[in-house]
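Since the structure comes first, as structure tokens, the remarks are kept for the end.
What follows is calculated from the coordinates using simple rules that are stated; it is not laboratory data. Everything numeric in this text was worked out from a predicted model, so none of it was measured. Cβ atoms come from the backbone with ideal geometry, glycine included; neighbour counts cover every protein chain shown.
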Amino acid sequence: MAAFVIDGKVIAAKVRADVAADVARLKEQHGFVPGLAVVLVGEDPASKVYVRNKAQQTVECGMQSFEFKLAEDTPEEEVLELVRKLNADPAVNGILVQMPLPKHMDSNKVLELIDPLKDVDGFHPMNVGRLSIGERALAPCTPVGSVILARSFKDDLSGLNAVVVGRSNIVGKPMAQLLLRENCTVTIAHSRTKDLPDVVREADLVVAAIGKPEFVKGGWIKPGAIVIDVGINRVLKEDGKGKIVGDVEYAAAAQVAGAITPVPGGVGPMTIACLLKNTVEAALMQRG
Ligand code: GUN
């Protein structure tokens with residue numbers, strides 16, 4: 001039987017509607033409007049699109065959006081000074097510095113300067129640590145969105161064998177932490193894992209975040225498994241046109257899985273929705 005297709009666009013719209021309702025309540029009850037600051041350094045075209053979409057959706061949810069666009073050759077110290085200013089600004093509840101930064105900057109130095117309570121990306125070591133010891137923390141948006149998608153199909157993930165393919169700091173590692181919090185039995189697999197197909201075959205829940213087009217084959221998927229595909233890869237079709245595919249061989253996997261996220265239209269739309277959710281969460285944490 002063909003898998004249930006988990007519609008990320010519909011679920012992201014629901015997350016945004018919940019955020020808008022929370023924002024309206026904060027405004028009505030406390031006269032307070034959360035604000036999100038986004039810092040873009042340079043001219044990377046993909047980053048510019050992300051930043052524009054973030055700003056638009058922030059305003060649509062009723063929040064304040066602050067955008068800072070700096071030239072590619074801005075000195076690192078100027079970016080650090082801007083982060084210090086945003087840390088101190090009470091109108092700013094969330095700070096996101098768009099990655100990648102230009103090569104002459106030390107990304108970790110910039111990210112580690114962000115106030116952990118305003119770190120809506122969940123990249124600061126303080127939030128990474130808090131997440132790993134089960135404390136209240138801001139967690140990275142893509143893994144948070146992936147858990148919401150999995151739970152939209154099966155609310156209780158407790159006891160599932162979850163295999164995360166990929167060990168990045170932005171997706172793989174925090175994903176594993178969030179699935180542990182959902183009481184899954186978690187395996188992190190990666191490019192050096194031995195017998196990867198057999199490891200994936202044990203999974204009731206597969207999260208593919210390895211950044212290689214259609215790397216996880218349909219034949220590796222356990223019948224009935226939930227498949228969350230985090231990959232976004234641009235490939236050339238035979239006719240020379242470009243198309244976007246995930247990290248999972250979708251057509252084959254969809255014949256075997258119980259549920260699967262498409263690419264595009266699965267995890268992608270969840271990332272910004274969860275950033276907005278994190279901004280409200282950050283504002284509430286700052287208010288105590
Ligand atoms: N660049 C691409 N995605 C992201 C993201 O989620 N956060 C940041 N800071 N930069 C990105």
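How long are the semi-axes of the ellipsoid equivalent to the stretch 141-268, from square roots of 5 times the Cα gyration tensor eigenvalues, in whole Å, largest first?
22, 15, 14
Taking the number of other C-beta atoms within 10 Å as the exposure measure, put V280, V164 in order starting with the fewest.
V280, V164
Give the Debye-formula value of log10 I(q)/I(0) at each listed q (0.18, 0.22 Å⁻¹), with one equal scatterer per alpha carbon of the stretch 1-88, two decimals each.
-0.91, -1.09
What does the convex hull of the alpha-carbon atoms of the stretch 89-129 project to on average, in nm²?
Over all viewing directions, the stretch 89-129 projects a mean Cα-hull area of 3.0 nm².
Determine ³J(HN,Hα), in whole Hz, for all residues of the stretch 65-74 in sequence, where each value follows from phi through the Karplus function 6.51 cos²θ - 1.76 cosθ + 1.60 and θ = phi - 60°; x replaces Gly and Pro.
Those phi angles translate into 10, 10, 10, 10, 10, 10, 5, 3, 9, 4 Hz.
As I understand it, the value is the acute angle between the Cα axis of helix 45-60 and the longest principal axis of the Cα atoms of the chain; what does it come to in degrees, rounded to 10?
So the helix axis and the longest Cα principal axis differ by about 70 degrees.
Does anyone have the angle between helix 172-181 and the longest principal axis of the chain? Alpha-carbon axes, 0 to 90°, nearest 10?
That works out to roughly 80 degrees.
So if I place +1 on the C-beta of Lys and Arg and -1 on the C-beta of Asp and Glu, and nothing else carries charge, what would the dipole magnitude of the stretch 165-245 be about its Cα centre? I want it in debye, nearest 20.
Dipole magnitude for the stretch 165-245 comes out near 280 debye.
Compute the distance in nm between two label points, each set 7 Å from the Cα along the Cα-to-Cβ direction, one at E112 and one at A252.
If labels sit at E112 and A252, their model points lie 4.3 nm apart.
Check A189: other-chain or 5+ apart residues with amide H under 5 Å from its amide H, H built from backbone geometry?
The answer is V164, V165, G166.
Filter the cross-link list K173/K241; K54/K222; K54/K118 down to pairs whose alpha-carbon distance in this structure exceeds 25 Å.
The answer is K173/K241; K54/K222.
Along its principal axes, what span do the Cα atoms of the chain show, with the longest given first and each in whole Å?
So the extents along the principal axes, rounded to whole Å, are 52, 44, 34.
Given charges of +1 on the Cβ of Lys and Arg and -1 on the Cβ of Asp and Glu, with all other atoms neutral, how large is the dipole of the chain about its Cα centre, in debye to the nearest 20?
440 debye
Helix-only estimate, please: 222 nm mean residue ellipticity of the chain, summing -39500 (n - 2.57) across DSSP H runs of length 4 or more and dividing by its residues, to the nearest 500.
After summing the helix terms and dividing by the residues of the chain, the value is -13000 deg cm²/dmol.
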